[in-house]
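Heads up, the thing below is written out as structure tokens.
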Amino acid sequence: MQRTLIIFKPDCVQRRLVGQILQRFETKGLRLVALKLIQVDRALGEKHYAEHQGKPFFEGLIQFITGSPVVVGVLEGNEAITVVRTLLGATNGAAAVPGTVRGDFSISKQNNLVHGSDSEESSRREIALWFKPEELTDYTIAGTEWVFGGA
Ligand code: IDP
Ligand code: MG
């Protein structure tokens, strides 16, 4: 079982698409471990996107992610990191394949609605950055074997 960090970015919250997109993740079989609506400050935004520091789009990206609240969460399930990235589609919404979140709802490189961790290392780093350990719940969903069986 793997965990991944998701961020419904400011465009997603402003466009009121959070529920619809979260439903895709839940329907796929992923379960929520944590979820909260927060206003991101510059320090958190810069830490989250540290790998992009120095790139031409970095300043705009920080303005974007700190410009309006985000919903951030942790999802868990078989191969959760790859599953979420596959459901999200390519970074550039204009190029993303229809059927993916970005392919269906985004036509922008920056405003691509949802973030998903890209590796186990990123997921560990990002979950620790956005959540305190006590915010991560531990519970069982009845009938889980019907969803995760044979993994
Ligand atoms: P990812 O979110 O698909 O992993 P990354 O390349 O890690 O994509 O970029 C992080 C975020 O930075 C993207 O999701 C997008 O919001 C923004 N971004 C990436 N490339 C560009 C660009 O060329 N122009 C504007 N924003 C960009
Ligand atoms: Mg990335």
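The values are calculated or read from the model by the stated rules, or taken from the named source; none is laboratory data. Note that the structure is a prediction, hence the values are computed from the model and not measured. No Cβ is skipped: glycine too gets one built from the backbone with ideal geometry, and neighbour counts run over all protein chains shown. Remember, those area values only see protein heavy atoms, side chains included, never the ligands or the DNA or RNA. Shrake-Rupley method; radii C 1.70, N 1.55, O 1.52, S 1.80 Å.
R102 passes all but one of (1) among the basic types (K, R); (2) more than 13 Å from the chain's Cα centre (by Cα); (3) assigned to a helix (DSSP H, G or I); which number fails?
Exception for R102: condition (2).
Would you mention how many residues in the range 1-33 are open to solvent by 90 Å² or more (accessible area, probe 1.4 Å), closer than 26 Å to A151 by Cα and without any contact (Cβ under 8 Å) to a residue 60 or more places away in the chain?
4
Condition check ((1) over 22 Å from L17 (Cβ atoms); (2) not in a helix (DSSP H, G or I)) across all residues:
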position	(1), (2)
A43	yes, no
G60	no, no
L75	no, yes
T82	yes, no
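Somewhere in the range 117-128, is a residue in a helix (DSSP H, G or I), within 15 Å of ligand 1 (Cβ to nearest atom) and aliphatic (A, V, I, L, M)?
There is no residue in the range 117-128 that is in a helix (DSSP H, G or I), within 15 Å of ligand 1 (Cβ to nearest atom) and aliphatic (A, V, I, L, M).
Filter the range 96-140 for residues that are more than 16 Å from ligand 2 (Cβ to nearest atom), under 19 Å from V18 (Cβ atoms) and of a type in the set (G, A, S) and give the result.
Correct list: G103 only.
Table: residues versus (1) of a type in the set (G, A, S); (2) open to solvent by less than 20 Å² (accessible area, probe 1.4 Å); (3) more than 13 Å from I7 (Cα to Cα); (4) under 16 Å from the mean Cα position of the chain (by Cα).
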residue: D41; (1), (2), (3), (4): no, no, yes, no
residue: G73; (1), (2), (3), (4): yes, yes, no, yes
residue: E76; (1), (2), (3), (4): no, no, yes, yes
residue: T82; (1), (2), (3), (4): no, no, yes, yes
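So, of the residues in the range 84-95 that are within 16 Å of ligand 2 (Cβ to nearest atom), assigned to a loop (DSSP other than H, G, I, E, B) and not polar (S, T, N, Q), which turns out to be farthest from the chain's Cα centre (by Cα)? Step through it out loud before you land on a result.
Going through the range 84-95, the residues within 16 Å of ligand 2 (Cβ to nearest atom) turn out to be 84-93, 95.
Those left that are additionally assigned to a loop (DSSP other than H, G, I, E, B): 89-93, 95.
In the following step, the residues that additionally are not polar (S, T, N, Q) were identified as 89-90, 93, 95.
On the way: G89: 12, A90: 14, G93: 15, A95: 19 Å.
Checking each candidate, the answer is A95.
Regarding S108, is this residue among the hydroxyl-bearing types (S, T, Y), within 12 Å of ligand 1 (Cβ to nearest atom) and part of a loop (DSSP other than H, G, I, E, B)? Spell out how you get there, then give the answer.
On the way: among the hydroxyl-bearing types (S, T, Y): yes; within 12 Å of ligand 1 (Cβ to nearest atom): yes; part of a loop (DSSP other than H, G, I, E, B): yes.
Yes: the conditions hold for S108.
Mind checking whether some residue in the range 88-109 is surrounded by 12 or more Cβ atoms within 10 Å (Cβ to Cβ), basic (K, R) and modelled with pLDDT of 95 or more? It would help to see each step written out before you state the result.
Our first condition is that a residue be surrounded by 12 or more Cβ atoms within 10 Å (Cβ to Cβ); within the range 88-109, this holds for 88-96, 100-109.
Still in the running and basic (K, R): 102, 109.
Retained after the next criterion (residues that are modelled with pLDDT of 95 or more): 102, 109.
Yes, that holds for at least one residue.
Going through L136, L113 one at a time, which residue ends up being at positive phi, of a type in the set (A, V, I, L, M) and surrounded by 12 or more Cβ atoms within 10 Å (Cβ to Cβ)?
After ruling out the rest, the residue left standing is L113.
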